[in-house]
Amino acid sequence: MYLSDEVIYVCLLLISIPIGFAFKDSRQTNVKAYSSTLIGFLFALIVCRWDILHSLITTAGTCLILASVTARYVHIATFIWCFSYLLFFRTTNFFSIRLPVSHSNAIQLMLTLKLVSVAFEWHDSYTRLKTIRKQTNAEESEKLHLQDMYLSVKPTTLRVFQYAYCYIGLLTGPYYRYRTYHDWLEMKHGVHINGLVFMRKRVIFGSIYILTYLLLSTMVSFNDALDDKFYDNPLWYRLLYMPLIFTLFRFRFYSAWLLAECMCMAAGFGAYPLVSKPKPGQGPTDLVALKQAYEQAPNTIGYDFETIHNIDEWKCETALTVKEVLRYWNMSVQYWMATCVYKRIKWRQIAHPATMFISAYWHGIHLGYYMGMVTTTPCILAENVMEAGVRRRIPANSILHRVYDFCSWLFRTRMFDYMSIGFILKYFHYTWKYWKSVYFVGHIVTLVLYGVGLVAIQMRPKGKRKEVVNKDLGMGAQPKASSEQHQRLEQEQREHKKEL
């Protein structure tokens with residue numbers, strides 16, 4: 001019986017979860033490294049078939065750069081190599097080579113982030129070591145030694161290959177640093193980490209998302225708007241298609257990312273002491289607390305999996321603004337963009353547009369992606385001027401305040417429906433045709449709100465016209481893994497202890 005690529009993909013994700021429990025309790029570093037790599041390579045071979053050659057070439061090229069380029073420039077060379085090959089990967093048809101199968105794209109995307117990341121981590125380790133040698137201040141020196149102990153890396157060629165093909169996160173993410181992978185290999189106390197406690201809620205919600213996705217997929221398809229007959233439907237149906245197809249689109253990602261998080265939790269991957277305040281993609285942020293926690297008895301340490309937490313779907317669904325959603329969507333990749341792109345650019349004026357360009361380029365080279373991403377900028381500007389000109393003039397806790405917030409949420413959700421068309425239809429022609437068929441309603445509403453906000457600001461007293469309108473898209477900000485999430489995790493652990 002023939003199985004579709006989608007079914008095979010989901011089956012591999014599901015198989016990855018029970019496999020993880022065997023790795024969690026293992027204390028053998030090399031056994032974990034070789035076994036997880038073998039499984040990941042087999043997964044990649046099943047999904048990509050002959051197209052696995054692309055990932056092998058990318059990894060081999062990176063290993064060659066790491067072995068031959070000085071640590072001072074290795075991050076730049078690796079960045080150029082990986083992103084250049086990503087362009088070739090997507091344009092092989094111009095070189096009389098067939099395009100890779102669709103699911104190999106996801107593997108190539110994650111591989112690009114990971115290989116660039118390990119080069120940046122190595123460069124940062126080199127820079128940190130130079131700073132330590134020159135440091136004379138005792139307090140600062142102690143801080144740097146802690147960073148060297150818990151953040152620095154010394155990757156070998158073999159370990160880089162194993163990191164690249166580790167089955168965890170290979171198919172869908174989440175992105176994680178090389179240091180996170182290293183800590184997992186060296187973890188000796190996995191038996192004390194109860195991944196099932198953390199998996200419980202994720203499995204429940206994941207099941208709901210999968211069922212919703214399957215139900216909606218019987219009603220609408222990603223290819224509907226590619227057919228000319230679709231535009232024979234009345235305007236109300238074409239407008240309704242947007243929220244339906246975007247719900248299908250995001251629930252597909254919710255399902256995949258929650259399964260991926262469960263895979264990590266089963267293997268104990270990304271588990272760090274709760275007191276170290278881990279953040280998505282980054283890992284521990286309080287290194288003093290991390291050191292103190294590791295000095296305790298292993299069975300007394302409280303852990304969390306915030307490092308591999310990739311999506312806060314509740315925040316994404318309830319956020320009032322576009323900017324807020326961007327912070328909680330694909331949080332580990334947001335961290336990579338902030339750390340490897342935004343913060344590395346010295347000229348602040350171009351840091352944000354450059355980061356947005358790299359993000360769009362990483363997602364794909366189809367113009368639809370850029371059309372969708374570019375549209376976020378006027379949306380955020382409209383939200384900002386409405387915030388400064390209207391919302392701040394409404395008394396807090398009043399009915400009008402709640403009405404405004406509801407309208408803001410409605411605008412945000414409908415604009416994401418509208419912008420998602422670019423990501424779903426991909427090509428300029430199809431995206432333009434669809435937006436034209438709904439009379440560019442998203443752009444028009446955004447422009448009207450922007451105008452209303454500017455007028456409202458001008459109507460304010462002169463002394464208050466210089467209200468700060470925050471133009472930050474949120475790309476440079478660290479995703480909020482925040483006090484709120486840590487309080488939730490602590491509450492779950494207290495409940496678990498009561499059950500025991």
Among LYS229, LYS277, the single one that is charged (D, E, K, R), outside the structural domain of VAL333 (by the TED database) and touching a helix residue (DSSP H, G or I) at 6+ places or on another chain (Cβ under 9 Å) is LYS277
Those helices (runs of 4 or more DSSP H) completely within region 1-83 that have 2 or more residues that are in contact with a Gly (Cβ under 9 Å, 6 or more places away or on another chain) are 5-24
Screening ALA256, ALA297 for residues that are more than 23 Å from LYS32 (Cα to Cα), over 17 Å from the mean Cα position of the chain (by Cα) and open to solvent by 20 Å² or more (accessible area, probe 1.4 Å) leaves only ALA297
A careful count of residues in region 316-359 that are basic (Lys, Arg) and open to solvent by less than 40 Å² (accessible area, probe 1.4 Å) gives 1
### Query
Can you find even one residue in region 271-279 that is closer than 23 Å to VAL325 by Cβ and touching a strand residue (DSSP E or B) at 6+ places or on another chain (Cβ under 8 Å)?
yes
Report task. Determine, yes or no, whether ALA77 is free of Cβ contacts under 8 Å to residues at least 60 places away in the same chain and over 23 Å from LEU42 (Cα atoms). Result -> yes
The helices (runs of 4 or more DSSP H) lying wholly within region 296-353 that contain at least 2 residues that are closer than 23 Å to TRP184 by Cβ are 331-340
Has region 393-408 got any residue that is touching a Leu at 6+ places or on another chain (Cβ under 8 Å) and open to solvent by 70 Å² or more (accessible area, probe 1.4 Å)? no
**Asked** Quick one: would you say LEU274 is open to solvent by 40 Å² or more (accessible area, probe 1.4 Å), aliphatic (A, V, I, L, M) and in contact with an Asp or Glu (Cβ under 8 Å, 6 or more places away or on another chain)?
**Response** no
ASN330 meets each of (1) modelled with pLDDT of 90 or more; (2) over 30 Å from ASP183 (Cβ atoms); (3) not hydroxyl-bearing (Ser, Thr, Tyr) with one exception, condition (2)
Matching residues in region 123-139 (outside any loop (DSSP other than H, G, I, E, B) and either open to solvent by less than 20 Å² (accessible area, probe 1.4 Å) or touching a Leu at 6+ places or on another chain (Cβ under 7 Å) (or both)) number 4
Residue check: is ARG177 touching a Leu at 6+ places or on another chain (Cβ under 7 Å), under 22 Å from ILE311 (Cβ atoms) and touching a residue at least 12 places away in the same chain (Cβ under 8 Å)? no
When GLU261 is run through (1) surrounded by fewer than 21 Cβ atoms within 10 Å (Cβ to Cβ); (2) in a helix (DSSP H, G or I), the failure sits at (1)
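The values are calculated or read from the model by the stated rules, or taken from the named source; none is laboratory data. The structure displayed is predicted, hence computed values, not measured ones. Glycine gets a Cβ as well: all are built from the backbone with ideal geometry, and neighbour counts include every protein chain shown. The protein model used for the area step is the full one, side chains on, heavy atoms only, and it has no ligands, DNA or RNA in it. Shrake-Rupley method; radii C 1.70, N 1.55, O 1.52, S 1.80 Å.
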